[in-house]
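Working notes, beginning with the structure itself.
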Amino acid sequence: MRHETTTTATHDPAELRQIMGQFASGVTVVTGLDEDGPIGFACQSFASVSLDPALVLFCADHRGRAWPRIRRAGRFTVNVLAESQADVCGRFGSSRGAKFDGLDWERSRWETPSLHEVLVRVHAEVDTVHPAGDHDVVLGRVLELEAVRDDRPMVFFRGGFGLDPVSART
């Protein structure tokens, strides 16, 4: 069966968001620490890249406030959120407010913020950064892996959390 496709140089951002929303992804919070204190942002573009050497990647809006600070610090932690951590996701997904005020976290031995009750922590250092449109594709060299707890992951799908199409829509 042949499917017809149309190739154009530009795409409507709303259509791209809707179509790409059909791909379910996990939700993380990327954190770093610099002279001004802890910083972080919610990120659903995260993946393992290589086993040898151990590399991960995430994509970050280079116009945001958090990523430039994390980049300068040189190290980061990817905190993989559990299904029950919608409040943490909302806190770090918002452009408003102090992300770490009243939040339980600790400084890792890599000098990065480790969030409590996450599923996994991946501690890494910035290896390579590739500009890609309005984002940067960041490759990180893994320093340490931590399995924190065994629970269901937070999943982002069709503009909401969870895989149920009714509850996933916003």
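The values are calculated or read from the model by the stated rules, or taken from the named source; none is laboratory data. Note that the structure is a prediction, hence the values are computed from the model and not measured. Neighbour counts are summed over all protein chains in view; Cβ atoms, including those assigned to glycine, are modelled from backbone coordinates with ideal geometry. Each accessible area value is taken on the protein alone, full model and side chains, heavy atoms only, with ligands, DNA and RNA left out. Shrake-Rupley method; radii C 1.70, N 1.55, O 1.52, S 1.80 Å.
Summary table below
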item: Hey, PHE76 open to solvent by less than 30 Å² (accessible area, probe 1.4 Å) and part of a loop (DSSP other than H, G, I, E, B) or not; result: no
item: Test for ARG71: is it open to solvent by 40 Å² or more (accessible area, probe 1.4 Å) and farther than 26 Å from PHE161 by Cα; result: yes
item: Candidates THR112, THR128 - the one that is buried (at least 17 other Cβ atoms within 10 Å of the Cβ) and more than 17 Å from VAL27 (Cα to Cα); result: THR112
item: Subset of segment 79-100 that is in a loop (DSSP other than H, G, I, E, B) and more than 14 Å from ASP36 (Cα to Cα) - its residue that is most open to solvent (accessible area, probe 1.4 Å); result: ARG96
item: Test for ALA66: is it farther than 13 Å from GLY32 by Cα and not β-branched (Val, Ile, Thr); result: no
item: Qualifying residue in segment 156-168 (condition: open to solvent by less than 80 Å² (accessible area, probe 1.4 Å), within 28 Å of ASP52 (Cα to Cα) and in contact (Cβ under 8 Å) with a residue 60 or more places away in the chain); result: no
